[in-house]
Structures are given as C-alpha cells and as structure tokens.
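See below for the structure under consideration.
The values are calculated or read from the model by the stated rules, or taken from the named source; none is laboratory data. Keep in mind the model is a prediction, meaning the values are calculated, not measured. Every residue, glycine among them, receives a Cβ derived from its backbone with ideal geometry; neighbour counts consider all protein chains shown. The protein model used for the area step is the full one, side chains on, heavy atoms only, and it has no ligands, DNA or RNA in it. Shrake-Rupley method; radii C 1.70, N 1.55, O 1.52, S 1.80 Å.
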Amino acid sequence: MTTLSPKTPGWLDWYADPSRPAFALPPGTVDTHCHVFGPQAAYPFAPERKYTPCDASRVQLFALHGHLGVERAVIVQATCHGADNTAMADAVRAAGGRARGVATVRPDVTDAELRRLHEAGVRGVRFNFLKRLVDAAPRDDLAAIAARIAPLGWHVVLYFEGADLPELETFFASLPTPLVIDHMGRPDVTRPASGPEFSRFLRFVDRNDVWVKVSCPERLTVTGPAALDGERHAYTDVVPFSRRTVEEFPDRVLWGTDWPHPNLTGHMPDDGLLVDHIPLVATTPEHQRKLLVANPTRLYWPGEGV
Ligand code: 0GY
C-alpha cells in the first residue's frame, strides 16, 4: 500500500459548499483556469513539488462547474504534479470534448507524448516563474519547448509576478506562439491601476499576441473578500485592474475560477462570490459574452465560429 503524504501545514481546503451566484453565466461559459489535484491515491504528486495539497478530483471540479453554470473548462497542470500530466489529461479526456488542457513538459518530451497530449485535448504549455512554486528553468529550455509546440498550434501560458515583467518581457516577446498571461500578470493592487507598472503590462499586451486572464481577485486582493457595499461584491480593490484590462482589450480577455485555489493562506473564496465578481469587471452584456464565451471559444475551440 502506498503511503499518502500529509497536506502542507496550514493548507486551506477548497470551499465545500459554495453559494449560488446571483449572476447567471451565459450559455457556453468557459472556466479557462482550474486545476485538479490527484486524488493522491490514484495520481501521486511529483517528488519535486513545493506543496502537498488536499485532493481536488475531476469529479469534484465538474460538480462545481455544474453548480456555477460553467459549461466548459481549461484544466491547467498544477505544479504539485510536476511534468506528469496524467491527472490533468485524464480529466480533460473524461470531460468528453468539454475541456481543454494546459500541460507542463520538459525539453526532452517526445513527439509521441506531445501527440498523445494533443489528442487528449491539450492546447498549451505553462511556463511558471514563481520561485515559491518551481525551480527556475533555463530560458534556452523554455525556448526549445516553445519551438516544439508552435507547429501544433499550441500557446504558452505565462505565470509571473508583475514586478518581474521588465526583466522577462524581451524573452516573452521572442516566443513563437500566442501568449496567455495568468492573473493579469499579478499586479500589486495597492498601486494605482492607471500607474506606470500596470500601464507597462498593458503596453506589453498591446504589442504582442497576448491574451490575459482577468482571474484570481482572491489572490491579488489586499482588502479581502469583505462585501464592502453590502452586496455580493467582494475583492473590490482588484476591480480597477480587471476592468481596465477588459475595457482596453475586450477581445483578448479570459476568465477563470482558479479552483481549487492552491496556496491561499488568508482565506478560501466562496466560488459563488467569484462568479458574482464578474459583472463588476465586465460591465456590459457584450463584454461579458466576449470574456466568458467568445474569446475562450476562439482560443480553445477554434472553428466553432463565435
Ligand atoms: C494558480 C496559482 C498558484 C499555483 C499554481 O500550479 C500551481 O501550483 O498554479 C499559486 O500558488 O499562485 O494559478 O493556481
């Protein structure tokens, strides 16, 4: 019998009983950023991982999506599984065409493995620059991976801290694929959304073939989930950043839950409240349709003609 590793001390489990959102997601809504963790007994975590999470299975993910009204998903490989994409790829296959995947691969990945991942529904790889999550990978390795996946029509998902963009952006601009940026490039939301740091980020988006996930208000917030106006409006300090992004790039923004919310230490969000955050960010039905349906469908299910 395999011994299961205990969770990282202080680990917060995902919210077991999310509220029903007041905002009705439009038909065809895609959650472009969610993960599965294990279950560990079936899909062991990677030895090089930096945290051990609770289990968060595909069955639990699909149940959450049913509850919220999400119809399709992009399941992003979580760092606790390293470059073993089995749990993610099995989840994508199990969704029967209603999910796509984003993998983690090493430079020595074989063509056969890339083909197998593509057949499962994988359409991108993720490059992660957060030292608390992964050891740094040589840029030559990342460039080599990008060159391998470009002919498949895949993209590169980038996860980095806003403060690191000046040092990374030349490298990002050299990559031969479309780019998808996680969580708005993690801005410091105590600074103004109209200030130089976030403006630089948006200039980078403007110059390049870049999509932006306006996701993770619960991770970026400093003020927290308090519903300041007595409505179901949480994480209001993040709104100026996400709203500016949606208004400047309505055709290149994506939304995601980030379920099961790895590594949050202060609080675990109610996923229903995260859905009710959307109309604060995309304030018109047209912007909501683009954010939730049209843009992710174009990126992950091209050919459907939305
Ligand atoms: C996220 C954010 C985090 C973690 C991971 O793969 C992961 O471990 O993505 C984080 O800790 O900020 O996007 O899920």
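Below are the figures for this structure:
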quantity: HN-Hα J in Hz across the range 73-85 - Karplus 6.51, -1.76, 1.60, θ = phi - 60°, x for Gly and Pro; calculated: 9, 10, 9, 9, 3, 8, 5, 5, 9, x, 9, 8, 8
quantity: 3J(HN,Hα) from dihedral phi, the range 48-59, Karplus parametrisation 6.51/-1.76/1.60, rounded to Hz, x for glycine, proline; calculated: 7, 4, 9, 8, 10, x, 6, 5, 8, 7, 5, 4
quantity: In Hz, Karplus ³J(HN,Hα) per residue of the range 241-248 (6.51, -1.76, 1.60; θ = phi - 60°; x = Gly, Pro); calculated: 6, 5, 5, 4, 5, 5, 6, 7
quantity: Accessible area expressed per residue, the chain, with surrounding protein chains retained (probe 1.4 Å, Å²); calculated: 42
quantity: Rough spin-label spacing in nm, given labels placed 7 Å along Cα→Cβ, for Ala143 and Ala163; calculated: 2.8
quantity: For His155, residues with placed amide H under 5 Å, excluding near neighbours; calculated: Gly124, Val125
quantity: Two-site label geometry, Ala24 and Thr284: point separation in nm, points 7 Å out along Cα→Cβ; calculated: 2.1
quantity: Apportionment of accessible area to carbon and sulfur, the chain, percent (1.4 Å); calculated: 54
quantity: His267-Arg115 FRET efficiency (beta carbon distance; Förster radius 51 Å; 0.05 resolution); calculated: 0.75
quantity: Net lengthening on full extension, Arg93/Arg132 (0.36 nm per residue, minus Cα-Cα); calculated: 11.0 nm
quantity: Amide H contacts under 5 Å for Ile75, placed H, 5+ residues apart; calculated: Arg100, Gly101, Val102
quantity: Extended-chain gain in nm, criterion 0.36 nm per residue less alpha-carbon gap, Asp188 and Ser5; calculated: 62.5 nm
quantity: Rg in Å to one decimal, and Dmax rounded to a whole Å, for the chain via C-alpha atoms; calculated: 18.1, 56
quantity: 25 Å tail of the calculated P(r), the range 142-278, as % of Cα pairs; calculated: 28
quantity: Most mobile of Pro47, Pro27, Pro138 in a GNM of the chain (Cα contacts under 10 Å); calculated: Pro138
quantity: Residues of type aspartates and glutamates that Lys50 reaches as a straight line, Cα spacing below 14 Å, ignoring anything fewer than 8 places off in the same chain; calculated: Asp135
quantity: Prolate/oblate/rounded call for the range 1-132, Cα gyration tensor, a/c under 1.5 rounded; calculated: oblate
quantity: Listed residues Leu61, Leu117, Leu168, most fluctuating in the chain (Gaussian network, C-alpha, under 10 Å); calculated: Leu168
quantity: GluC sites (Glu not before Pro) restricted to DSSP loop in the range 223-279 with at most 16 other C-beta within 10 Å; calculated: Glu231
quantity: Structure-based [θ]222 nm, the chain - -39500 (n - 2.57) summed over DSSP H runs of at least 4, per residue, nearest 500; calculated: -9000 deg cm²/dmol
quantity: For the chain, share of DSSP beta bridges that run antiparallel, in % to the nearest 5; calculated: 5
